[in-house]
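For reference, the structure is listed below as structure tokens.
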Amino acid sequence: MKLTVDDIAFRYDDEPLFQGLSFAVADGEFVSILGPSGCGKSTVLNLLAGILPPECGEMRVDGQPIRGMNSHFAYMPQNDLLFPWQTILQNVCLHGRLHGREKAARERALELFPLFGLAGYENAWPGDLSGGMRQRAAFLRTALCDADILLLDEPFGALDVISRGDMQDWLASMKRHLGRTCLLVTHDIDEAIFLSDRILVLGGKPAVIRGEYRVTEANRTRDWLYGQAELRHRLHDSIRGLEATPC
Ligand SMILES: Nc1ncnc2c1ncn2[C@@H]1O[C@H](COP(=O)(O)OP(=O)(O)OP(=O)(O)O)[C@@H](O)[C@H]1O
Ligand SMILES: [Mg+2]
């Protein structure tokens, strides 16, 4: 397994948010986490990224325990967090600049601008881009981090339904190119079905993985997605706590 989360406990206040939270993600796997608002999805990503420390339990990448901030994860938070006073190229090279590798980061970024649908916008300001383009720029910045696991927190949550669909198509087409392990937090059941190899449903107090669903279809189209009514139904029930048995 690429990533294992074993028996994690965590609390913000008196009441535990997690008590014995465990799951694993295989190398190159795309896993989505669904769950009701406030159940702890973003907190899981913050624990992995080392922004928050667990009370107990162990997290491992490639079998090695991870503690605190670490270079295994590239984290894309829900808000795109682009610096408005920097160009798109400067924004996406942030990681390289912080690590003294700006020249190499610029070269790699310029190669990737067309693939991210941003060709011609290298010297534009974030304020000049549409919401979808800003998200792709934030995604490019995340992809340029030398990390083997991407943590994506509702990356398309702020977009209108059409732009969101376009971004989902784009991400589906990028999956092979990225070739990395991805953990995506989303509220969008169809987005999870469309993009994931496996879907985890987080819920309860304290929260645990209360459902696990594999999606094996290789040829995913919008028509295929529209036909996934039964899986959509089961995921909906699981999020609401009505279906306890994973498939
Ligand atoms: N810094 C904090 N201090 C205290 N409580 C917090 C803090 N951050 C989050 N919480 C609480 O912890 C719980 C889990 O928060 P978290 O943001 O992980 O949920 P979430 O599943 O990502 O929710 P959403 O789907 O709305 O983004 C919520 O009840 C939230 O109010
Ligand atoms: Mg959240």
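Quick notes on this structure:
- Scoring residue 16 on the criteria (1) within 15 Å of the chain's Cα centre (by Cα); (2) within 16 Å of ligand 1 (Cβ to nearest atom); (3) modelled with pLDDT of 90 or more; (4) not charged (D, E, K, R) leaves a single failure, condition (1).
- Residues in segment 30-43 that are among the aliphatic types (A, V, I, L, M) and near ligand 2 (Cβ under 9 Å from one of its atoms): 0 in all.
- Those residues of segment 2-48 which are part of a loop (DSSP other than H, G, I, E, B), out of contact with any Gly (no Cβ under 8 Å at 6 or more places or on another chain) and under 20 Å from residue 64 (Cβ atoms), in sequence order: 26, 27, 29
- Test result for residue 115, in contact (Cβ under 8 Å) with a residue 24 or more places away in the chain, within 22 Å of the chain's Cα centre (by Cα) and in a helix (DSSP H, G or I): no
- Residue pairs whose Cβ atoms lie under 8 Å apart, separated by 6 or more positions or on different chains, with the first residue in segment 36-48 and at positive phi and the second more than 6 Å from ligand 1 (Cβ to nearest atom) and in a loop (DSSP other than H, G, I, E, B), do not occur.
The values are calculated or read from the model by the stated rules, or taken from the named source; none is laboratory data. A quick note: this is a predicted structure, and the numbers were derived from the prediction, not measured. For neighbour counting, all protein chains shown are included, and Cβ atoms are generated from backbone atoms with ideal geometry for every residue, glycine included.
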